[in-house]
Amino acid sequence: MESGLKNKVALLTGASEGIARAAAEAFAAEGVRLAICARNESKLRKAEQELMARHKVEVLARSLDVTDFAGVQAFAREVAERFGRIDICLANSGGPPAKNFLSIELEEWRKNVDLIFLSVVNLARSVIPYMQKSGGGRFLAITSTSVKGPIPELIMSNAIRPAVVGLLKSLSIDFGKDNITFNNVAPGYTATARLNELAGVRALAANVSVDKIQEKWSEEIPLRRLARPEEVADAIVWLASDRASYVTGQTILVDGGRYIGVA
């Protein structure tokens with residue numbers, strides 16, 4: 001089934017591992033030219049080399065923290081100059097740690113507002129003009145099922161991530177006339193390094209093994225297993241493709257049915 005993605009240009013943040021790394025792989029398989037950034041230089045270079053070798057696509061990689069707002073703006077300019085356009089943008093960042101509310105200082109709240117929310121604001125401001133210039137685009141953010149229902153011990157994620165949903169819903173209204181769509185992909189429990197960290201915290205608190213925590217999570221999911229990063233990446237690629245040209249302002253859950261609400 002034709003996706004319309006071949007030779008498009010995608011900018012992905014936090015793409016050295018996890019879901020965004022899987023999305024980079026899936027985009028590359030479709031013939032998308034890639035611009036990726038992440039904080040970890042060695043992991044980023046490994047991803048760059050693997051993507052180019054495996055898929056024979058052009059890849060621009062820069063070591064960058066998404067809270068370096070000026071750096072992200074400069075990266076977007078570099079991408080547009082290098083490739084002549086930006087068609088797709090995937091906003092992704094690390095998430096906040098599991099903590100008790102009373103143990104979180106205000107400065108940590110400010111830090112995570114920058115990381116989770118203002119990084120998306122800055123990225124959208126950086127790429128939208130290029131999408132307008134080329135006649136449209138796709139802006140996507142990886143959020144979490146915490147935008148639908150709170151996740152125990154992740155109070156900062158529960159509080160901050162819904163702001164991203166509100167932002168992209170608003171932008172979908174403001175920039176629909178420019179043929180730019182804005183959507184969120186909200187993964188459930190997905191087998192990534194971040195999930196392993198969370199499992200470790202909960203295992204320590206409960207004095208059980210990490211495997212026991214992951215088994216418990218799997219039992220909460222109708223499909224009875226954790227997601228693979230590639231399964232979330234498939235939803236991202238679909239939303240970026242021509243097949244989803246009339247989908248905007250939406251939050252797509254990729255959680256194996258764990259969220260039990262109807263809205």
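The values are calculated or read from the model by the stated rules, or taken from the named source; none is laboratory data. For clarity, every value in this text was computed on a predicted model and none was experimentally measured. FYI the Cβ positions are ideal-geometry reconstructions off the backbone, even for glycines, and counts take in every protein chain you see.
If we scan the stretch 105-126, do we find a residue that is in contact (Cβ under 8 Å) with a residue 60 or more places away in the chain and closer than 24 Å to T181 by Cβ?
Among the residues of the stretch 105-126, at least one is in contact (Cβ under 8 Å) with a residue 60 or more places away in the chain and closer than 24 Å to T181 by Cβ, which makes the answer yes.
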Count of the stretch 55-87 residues which are touching a Phe, Trp or Tyr at 6+ places or on another chain (Cβ under 9 Å) and within 14 Å of A15 (Cα to Cα): 3
Checking A98 against (1) farther than 22 Å from N183 by Cα; (2) at pLDDT 95 or above; (3) of a type in the set (A, V, I, L, M, F, W, C), the condition it does not meet: (2)
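Can you tell me how many residues within the stretch 211-226 are out of contact with any Gly (no Cβ under 6 Å at 6 or more places or on another chain) and either in a loop (DSSP other than H, G, I, E, B) or not polar (S, T, N, Q) (or both)?
Just the residues of the stretch 211-226 that are out of contact with any Gly (no Cβ under 6 Å at 6 or more places or on another chain), to begin with: 211-220, 224-226.
Checking which are either in a loop (DSSP other than H, G, I, E, B) or not polar (S, T, N, Q) (or both) leaves us with 211-213, 215-217, 219-220, 224-226.
Counting residues in the stretch 211-226 that are out of contact with any Gly (no Cβ under 6 Å at 6 or more places or on another chain) and either in a loop (DSSP other than H, G, I, E, B) or not polar (S, T, N, Q) (or both) gives 11.
In the stretch 148-177, which residues are of a type outside the set (A, V, I, L, M, F, W, C) and either assigned to a loop (DSSP other than H, G, I, E, B) or crowded, with 16+ Cβ neighbours inside 10 Å (or both)?
K148, G149, P150, P152, E153, S157, N158, R161, P162, K169, S172
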Residue match in the stretch 155-168 (condition: over 21 Å from V66 (Cα atoms) and of a type outside the set (V, I, T)): no
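Suppose we filter the stretch 94-114 for residues that are crowded, with 20+ Cβ neighbours inside 10 Å and either in a helix (DSSP H, G or I) or at positive phi (or both); how many remain? Quick ask: steps written out before the conclusion?
The first filter runs over the stretch 94-114 and keeps only residues crowded, with 20+ Cβ neighbours inside 10 Å, leaving 95-96, 112.
Subset that is either in a helix (DSSP H, G or I) or at positive phi (or both): 112.
Of the residues in that region, 1 qualify.
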Failed criterion for R62 (all others in (1) more than 18 Å from V232 (Cα to Cα); (2) surrounded by 15 or more Cβ atoms within 10 Å (Cβ to Cβ); (3) modelled with pLDDT under 95 hold): (3)
Some residue of the stretch 78-90 being among the acidic types (D, E), touching a helix residue (DSSP H, G or I) at 6+ places or on another chain (Cβ under 9 Å) and buried (at least 17 other Cβ atoms within 10 Å of the Cβ): yes
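Could you check the stretch 4-33 and list, in sequence order, the residues that are over 14 Å from R54 (Cβ atoms), of a type in the set (G, A, S) and buried (at least 18 other Cβ atoms within 10 Å of the Cβ)? Please lay out each step first, then the result.
Quick first cut of the stretch 4-33, residues over 14 Å from R54 (Cβ atoms) only: 4-20, 23, 33.
Add one more test, that the residue is of a type in the set (G, A, S), and what stays is 4, 10, 14-16, 18, 20, 23.
Hits for the stretch 4-33 are A10, G14, A15, S16, G18, A20, A23.
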Boolean, A199 is hydrophobic (A, V, I, L, M, F, W, C), in a helix (DSSP H, G or I) and surrounded by 15 or more Cβ atoms within 10 Å (Cβ to Cβ): yes
Residue match in the stretch 119-133 (condition: in a loop (DSSP other than H, G, I, E, B) and over 20 Å from the mean Cα position of the chain (by Cα)): no
Condition broken by A193, with the remaining ones in (1) under 27 Å from L167 (Cα atoms); (2) within 20 Å of the chain's Cα centre (by Cα); (3) loosely packed, with under 15 Cβ neighbours inside 10 Å; (4) hydrophobic (A, V, I, L, M, F, W, C) satisfied: (1)
Tally, over the stretch 183-196, of residues that are part of a helix (DSSP H, G or I) and either hydrophobic (A, V, I, L, M, F, W, C) or without any contact (Cβ under 8 Å) to a residue 12 or more places away in the chain (or both): 2
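Looking at the stretch 120-137 only, could you name the residues that are farther than 21 Å from S245 by Cα and either of a type in the set (A, V, I, L, M) or surrounded by 15 or more Cβ atoms within 10 Å (Cβ to Cβ) (or both)?
Initial filter on the stretch 120-137 (farther than 21 Å from S245 by Cα): 120-123, 125-126.
Selection gives V120, V121, N122, L123, S126.
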Test: residue in the stretch 35-47 that is in contact (Cβ under 8 Å) with a residue 40 or more places away in the chain and hydrophobic (A, V, I, L, M, F, W, C): yes
Selection count where residues are out of contact with any strand residue (DSSP E or B) (no Cβ under 7 Å at 6 or more places or on another chain), farther than 27 Å from R202 by Cα and among the hydrophobic types (A, V, I, L, M, F, W, C), scope the stretch 115-171: 3
